[in-house]
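Shown next, in structure tokens, is the structure this report addresses.
The values are calculated or read from the model by the stated rules, or taken from the named source; none is laboratory data. Model, not experiment: these values are computed from the prediction. Please note: Cβ atoms are built from the backbone with ideal geometry, for glycine as well, and neighbour counts cover all protein chains shown.
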Amino acid sequence: MQRKLTVVLALSSLVTAGAVGVATADATELPVYGVKSSGLDQEQAQRLQRAFGLKDVQRSEAGAVSFADEQRYQYMPTVDKGQGRPDEDGNATTQTALDTEAIKRIRTIPADEAAKRAQEALRSAGVLPENATPSAQHTTFELSDVNGRNALTANLDTSVSYTFQLGGLPLEGEGANIRVSFDAQGVTAVSHAARTYDKAGTVEVNDLAHGAELCQKYLGASVKPEVSYVYVAPPLEEKVDKIEPSFRCAGRNDDGGAPQAITLPAAVGAELPQPGPGQEPRPGQQFKSQGVGTQVGSEGTGNCSGLPNTAANIGTFNTEASNHGITRDFSWLDGNAWESDFKDPAFAGGDDTNWADDVDLTYWQGHGSGTGFYFTGCSSHTDGKLANTDARWGQNDVEWMSLFTCQVLEDSTGGQTWAQRWGQAFRGLHQINSFTTVSYNSANHGGKFGHYMWRSPFLWWNNPMKVRDAWAQASIDTQPASVRWATMGPVTSTGALGNYNDYFWGKGSVGPDYASSGVFWRISGAS
């Protein structure tokens, strides 16, 4: 197997080896905002805890505060059905069945009531920024079949996510994140990571027409760009004293798919993201760690597809795996990320048995759509898109296919529902984790996903999360309120058995591999 070195040319007309400024013919001015405060101090965290009636909250050194009730967070009624058949690696499994009658009896509070409760509690604690606006949505459970028929839809909880503005423009990012979840009993989760700002002058910015040209060059010729001004709030761990305007680059591909949204600096003369060193070509003989025990793999397309944060994000996932003693079987970036690594050998050139289906969990980042994900601009081995019709996962090893990309699990596209499009991929696979909407390029979604999934308990908290909950929480931490995360999996024809509550191996119970009956479950919610 020989992989040719792919030279990143996609940005060659835009960037050079040195710092690059943005040339412009038309410009205007927008405000710069200075940071007044960042995160919550200990006293504010305690007030937040008391306002929501919580037993405890966790506060990071940077001032981010979080809470998740380990029993009630995104709870779905299930029944323990005892020991299942061992996994292909000999691991013990536990069978879990849906309690459909209990699901039907779930009562959630109305969206307007949830928003009111969140507003009152945050305001009483003195931790509600003036520029924050609530929007409430339900976390939803569904059963659907490959013929497009919906058997059950039920709301599991009500979440209130906040959007932010500065001077009438959106403020987005991990440092602009407040979210509260409620069930019928009360609060099940809280996330609070925000700064306060003052105006600190203005900066000359390029106009939106120039922004569209810039976005086009990064996202590729096949994308019809949609560009807007936005302020980006970095994670609280990243110390900043001011923020300047950026361009939000989004759009649609020729086939209706959406690229992962990115941001680029809008200020005249600002430095643009630079292409990284990339990866050496794959060696002539197969490179694999051949490790024992549980294993993960990662792949992603970065600069060659206009995504500047992919290498960093994949790196955070790999680091978390290493820190928790989990073997990384492979990690391919840019031109070394191949469509054939995800394609079943039943189709020409497919080789997933040696890659994406040869580990327990595969993590992917790149552009996507409801019908697959893309390698365009990076590689064409064996082609530029992994179509849903080419996916047959779980026949060898993989349990959890985690796709940090856009719209894979969207409600409907091309006249087919999410269950119709992706149901055929389940050949022993437990879950697909992805999104129903556009997702936003992130430099640490993978690391957060791994952290929540693999973390070690400390006293009465910090227990590992279920795989689906870890995916949801990583998405809540890194994505704006408009983004909906989702997880789907198969349901058996007898007993409604399924992998609803899987933990990663060694972190809690895991179900056996199930043959698909043509019925699938999906849980989706707002970030």
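Outside any strand (DSSP E or B), touching a Lys or Arg at 6+ places or on another chain (Cβ under 9 Å) and either at negative phi or surrounded by 18 or more Cβ atoms within 10 Å (Cβ to Cβ) (or both), is that true of GLY335? Spelling it out, GLY335 is indeed outside any strand (DSSP E or B), touching a Lys or Arg at 6+ places or on another chain (Cβ under 9 Å) and either at negative phi or surrounded by 18 or more Cβ atoms within 10 Å (Cβ to Cβ) (or both). Taking each residue of segment 492-504 that is free of Cβ contacts under 8 Å to residues at least 60 places away in the same chain and surrounded by fewer than 23 Cβ atoms within 10 Å (Cβ to Cβ) and looking for partners that are outside any loop (DSSP other than H, G, I, E, B) and among the β-branched types (Val, Ile, Thr) with beta-carbon atoms closer than 9 Å, six or more apart or interchain, yields THR492/VAL519; SER493/VAL519; TYR503/VAL467. The criterion of at least 3 residues that are within 27 Å of THR28 (Cβ to Cβ) and not hydrophobic (A, V, I, L, M, F, W, C) is met by the following strands (runs of 3 or more DSSP E) wholly inside segment 185-265: 186-206, 224-232, 245-252. Looking at segment 458-479, can you tell me whether even one residue there is among the hydroxyl-bearing types (Ser, Thr, Tyr), free of Cβ contacts under 8 Å to residues at least 40 places away in the same chain and either out of contact with any helix residue (DSSP H, G or I) (no Cβ under 6 Å at 6 or more places or on another chain) or buried (at least 20 other Cβ atoms within 10 Å of the Cβ) (or both)? Within segment 458-479 (the criterion being among the hydroxyl-bearing types (Ser, Thr, Tyr), free of Cβ contacts under 8 Å to residues at least 40 places away in the same chain and either out of contact with any helix residue (DSSP H, G or I) (no Cβ under 6 Å at 6 or more places or on another chain) or buried (at least 20 other Cβ atoms within 10 Å of the Cβ) (or both)), the answer is no, since none of the residues qualifies.
Under 6 Å by Cβ, and 6 or more places apart or on different chains, what pairs join a residue from segment 316-340 that is more than 15 Å from PHE504 (Cα to Cα) with one that is aliphatic (A, V, I, L, M)? Taking only residues 6 or more apart or on different chains, the pairs are ASP329/VAL359; LEU333/ALA311; GLU339/LEU386. Of all the residues in segment 303-331, those that are part of a helix (DSSP H, G or I), surrounded by fewer than 24 Cβ atoms within 10 Å (Cβ to Cβ) and of a type in the set (A, V, I, L, M, F, W, C) number 2.
Every residue, every condition in (1) at negative phi; (2) in a loop (DSSP other than H, G, I, E, B); (3) of a type in the set (D, E, K, R), yes or no:
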| residue | (1), (2), (3) |
| --- | --- |
| PRO480 | yes, yes, no |
| SER493 | yes, yes, no |
| ASP502 | yes, yes, yes |
| VAL510 | yes, yes, no |
| ASP513 | yes, yes, yes |
| SER517 | yes, yes, no |
| PHE520 | yes, no, no |
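The condition (being aromatic (Phe, Trp, Tyr), touching a Phe, Trp or Tyr at 6+ places or on another chain (Cβ under 9 Å), closer than 20 Å to ARG468 by Cα and outside any loop (DSSP other than H, G, I, E, B)) is satisfied by just one residue among PHE164, PHE141: PHE141. Cβ-Cβ distances below 9 Å connect the following pairs, each with a first residue in segment 175-193 that is farther than 20 Å from LYS239 by Cβ and free of Cβ contacts under 8 Å to residues at least 60 places away in the same chain, a second residue that is assigned to a strand (DSSP E or B) and of a type in the set (Gly, Ala, Ser), and a separation of six or more residues or different chains: ILE178/ALA132; ILE178/SER161; ILE178/SER191; ILE178/ALA193; ILE178/ALA194. Any residue at all in segment 34-49 that's over 29 Å from the mean Cα position of the chain (by Cα), polar (S, T, N, Q), exposed (fewer than 13 other Cβ atoms within 10 Å of the Cβ) and in a helix (DSSP H, G or I)? Yes - at least one qualifying residue is present in segment 34-49. Out of segment 356-394, which residues are touching a residue at least 60 places away in the same chain (Cβ under 8 Å) and among the charged types (D, E, K, R)? Within segment 356-394, ASP358, ASP360 meet the criteria. Would you check if there is a residue in segment 215-226 being modelled with pLDDT of 95 or more and either touching a Leu at 6+ places or on another chain (Cβ under 6 Å) or of a type outside the set (D, E, K, R) (or both)? Looking through segment 215-226, none of the residues is modelled with pLDDT of 95 or more and either touching a Leu at 6+ places or on another chain (Cβ under 6 Å) or of a type outside the set (D, E, K, R) (or both).
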